[in-house]
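**Student:** The structure under discussion is supplied below as structure tokens; questions concerning it will follow.
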Amino acid sequence: MFGLIRAAVFFLRPRSPTNLGEMSEILDAVRDGASGEVLAEIAMPSTTRAAFVLRDEQHMFEGMPSRDKDPRKSLHVAEVAIPELAPDEVYLAVMASSINFNTVWTSIFEPLSTFGFLDRLAKESYWGRRHALEYHVVGSDASGVVLRTGSAVRNWKVGDEVTVHCNYVDDQDPSSHDDSMLSSNQKIWGFETNFGGLADICVVKANQLMPKPTHLSWEEAAVNALCNSTSYRMLVSRNGAPVTQGDKVLIWGASGGIGSFAVQHVLNSGATPIGVVSSAAKAQTLHELGCEFVINREEKQYNFWKDAHTQDETEWRRFGKDVRALVGEDPDIVFEHPGRSTMGASVFVAKRGGTIVTCAATSGYMIEYDNRHLWMKLKTIKGSHFSNYREAWAANQTIIDGKVVPPLSAVFPLEQVGEATYEVHLNRHEGKIGVLCVAEQEGLGVTNPELRAKVGAKRLTIFRRHDKEFS
Ligand code: NAP
């Protein structure tokens, strides 16, 4: 209740010299690298700078085509109240965060407004009630420093440097105790919950925390957890379509967020990725990442849909022939997420007995495919969604070990979160866009320069070298 009252008081209040000073003391200490003991002695502020959408603007884009819905108009950055901390949560000073596609969905209020998620969460518990506010602080990735721990937190302490995965589960629910992604009230933090990572201070459950890779800067460390864990579950975990040596794996959007991690996991598994992208520059990025076989869909001009209602099997065949020409056979696995535009082609090109693993439908979720190609050739469509803690931890380990590199392509300050989200909305980016929150400049936070040198600056900046071509 106290949190709600504070929210009403501080909501949208412009940053005054008083609360700016209040904020700065602990965040300045974080920037100065203060120890956990020192941070524990400094009072927590009552507000934080954060990026959010507003409940009373949730209908602002109604009737407009998706492409015209502009996150720069719906995403605001201002001071909001910091809620009371639940026993299983921590306050985190967010050094950096990232833009995920769910930030696009929230900011254009598609396929539905996220305030419905917050209202449902509010009905679950006392602590859930904090989330149903007039604003939704977004963001599902973060790297940062623990500022406070709730009374039930055991494995983490003030001062720990961490990254955050976005699987938000109620561990008192029996359904969460096999695969927590099967939990009946599983949610994505910062999308289906409030107090997300695009802020100076966020609130996360202790079971979302993972060690920060020591060889990475804050912004490099912030862009991995959501997309890497998703791709890990889809391709490496036993819960997905596990890839094995020698497999051929077709990857749509292969230089995008989840695609760029998928390519790396396939290569690490001893299999062969075939990446699909939409420009020569993106194809070049994939070659540098080690992906030999790339299809530029812009150049090929596939036209899988003759019109809004009819697909063209001859175009599926042309695509299939192009894949065979590259790798000599049909793909064992298709990594699918564009949805309506590509699903028909994905089901068609998968090998007899192959798997189409899907986690999304960017171009439309009412998909259509020819079922004869599925059943007669014994193919499987497998649905997948984010990852459980074990999978996220294993995915994070691939980053810690330097086996997977962050596909960071550009960095924006928090104040420009709308512009950053707009880039992703219009598909003008590559890999991941990082957002600086408490960290005032890029390149900070590396504590293991030896490992960084071993992984190599060239490999760590593959996506960075192209950023100008995409903006
Ligand atoms: P992203 O960075 O925007 O990358 C997506 C890529 O898909 C684009 O770069 C684009 O690559 C390709 N693409 C877009 N529309 C296409 C179309 N009509 N036909 C063919 N290719 C198309 O986004 P992301 O972070 O990778 O996320 C992709 C989707 O997965 C989003 O819908 C997101 O919400 C979803 N997602 C789901 C989960 C989950 O847990 N369920 C987790 C992460 C992401 P080219 O233009 O280069 O071909």
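Only the coordinates and a few stated rules stand behind these numbers; no lab work does. The structure displayed is predicted, hence computed values, not measured ones. Positions of Cβ are generated from backbone atoms using ideal geometry, with glycine treated the same way; all protein chains shown enter the neighbour counts.
**Student:** Among rounded, prolate and oblate, which fits region 66-149 when a ≥ b ≥ c are the square roots of the eigenvalues of its C-alpha gyration tensor, a/c under 1.5 means rounded, and a/b larger than b/c means prolate? Before the final figure, lay out each step's value.
**Tutor:** On the way: a/c = 2.21, a/b = 1.33, b/c = 1.66.
Because a/c hits 1.5 or more and a/b fails to exceed b/c, region 66-149 counts as oblate.
**Student:** Using +1 at the C-beta of Lys and Arg and -1 at the C-beta of Asp and Glu, which of Leu378, Ala360, Met210 has the Cα lying farthest in the positive direction of the dipole of the chain?
**Tutor:** Going by the Cα projections, it comes out as Leu378.
**Student:** Ranked by Cβ crowding within 10 angstrom, fewest neighbours first, how are Ile295, Ile26 ordered?
**Tutor:** Arranged by neighbour count, lowest to highest, Ile295, Ile26 become Ile295, Ile26.
**Student:** Cross-link partners among lysines for Lys212, C-alpha distance below 17 Å, same-chain residues fewer than 8 apart left out?
**Tutor:** Filter leaves Lys157, Lys403.
**Student:** Then there is this: Assuming 0.36 nm per residue, please report the length gained on full extension of the stretch Lys300 to Asn185 beyond their Cα-Cα distance. Mind dumping the intermediate values first?
**Tutor:** On the way: separation 115, 0.36 × 115 = 41.40 nm, distance 4.29 nm.
Using 0.36 nm per residue and subtracting the Cα-Cα distance, I get 37.1 nm.
**Student:** Pairs of alpha-carbon atoms within less than 8 angstrom and 6+ residues apart define the contacts here; what relative contact order does the chain have, in percent?
**Tutor:** 17
**Student:** Along the charge dipole of region 58-183, pointing to its positive end and built from +1/-1 on Cβ of Lys, Arg, Asp and Glu, which listed residue (Asn100, Val153, Pro71) has its Cα farthest out?
**Tutor:** Of the listed residues, the answer is Pro71.
**Student:** Fewest first, what order do Tyr135, Tyr232 take by the number of other Cβ atoms within 10 Å?
**Tutor:** With the sparsest Cβ surroundings first, the list reads Tyr135, Tyr232.
**Student:** If I model a spin label at Asp370 and Arg67 as a point 7 Å from the Cα along the Cα→Cβ vector, what separation in nanometres do I get?
**Tutor:** The answer from the label model is 2.9 nm.
**Student:** Per DSSP H run of at least 4 residues, take -39500 (n - 2.57); add these up for the chain, divide by its residues and hand me the 222 nm value, nearest 500 deg cm²/dmol.
**Tutor:** -9000 deg cm²/dmol
**Student:** Fewest first, what order do Ser279, Ser387, Ser24 take by the number of other Cβ atoms within 10 Å?
**Tutor:** On the way: Ser279 17, Ser387 30, Ser24 12.
The fewest-first ordering by Cβ neighbours comes to Ser24, Ser279, Ser387.
**Student:** Determine the distance separating the Cα centre of region 303-320 from the Cα centre of region 236-265; give it in Å without decimals.
**Tutor:** Each part's Cα centre sits 24 Å from the other's.
**Student:** With the contact rule set at Cα under 8 Å and sequence spacing of 6 or more, what percent relative contact order holds for region 228-383?
**Tutor:** Relative contact order comes out at 19 percent.
**Student:** I've got another one for you. Give the residues of region 369-400 whose amide nitrogen is closer than 16 Å to a point set 7 Å from the Cα of Arg352 in the direction of its Cβ.
**Tutor:** 372-380
**Student:** For the residue pair Leu326 and Arg428, what label-to-label distance in nm results when each label sits 7 Å from Cα along the Cα-to-beta-carbon direction?
**Tutor:** The modelled label-to-label distance comes out at 2.7 nm.
**Student:** Could you list the trypsin sites (Lys or Arg not before Pro) in region 236-333 that lie in coil according to DSSP, counting only those with at most 15 other Cβ atoms within 10 Å of their Cβ?
**Tutor:** Here the trypsin sites (Lys or Arg not before Pro) that fit, given the DSSP loop and packing criteria, are Arg238.
**Student:** Just to be sure I understand the model, the point goes 7 Å from the Cα along the line to the Cβ. What's the resulting Asn155 to Met44 distance in nm?
**Tutor:** 2.1
**Student:** What FRET efficiency comes out for Leu451 versus His287 if R0 is 30 angstrom and r is the Cβ-Cβ distance? Round to the nearest 0.05.
**Tutor:** 0.75
**Student:** Tabulate in residue order the Karplus-calculated ³J(HN,Hα) for region 271-279, using 6.51 cos²θ - 1.76 cosθ + 1.60 with θ = phi - 60°, rounded to whole Hz; enter x for Gly and Pro.
**Tutor:** For region 271-279, the Karplus-derived couplings read 10, 10, x, 10, x, 10, 9, 10, 7 Hz, x marking Gly and Pro.
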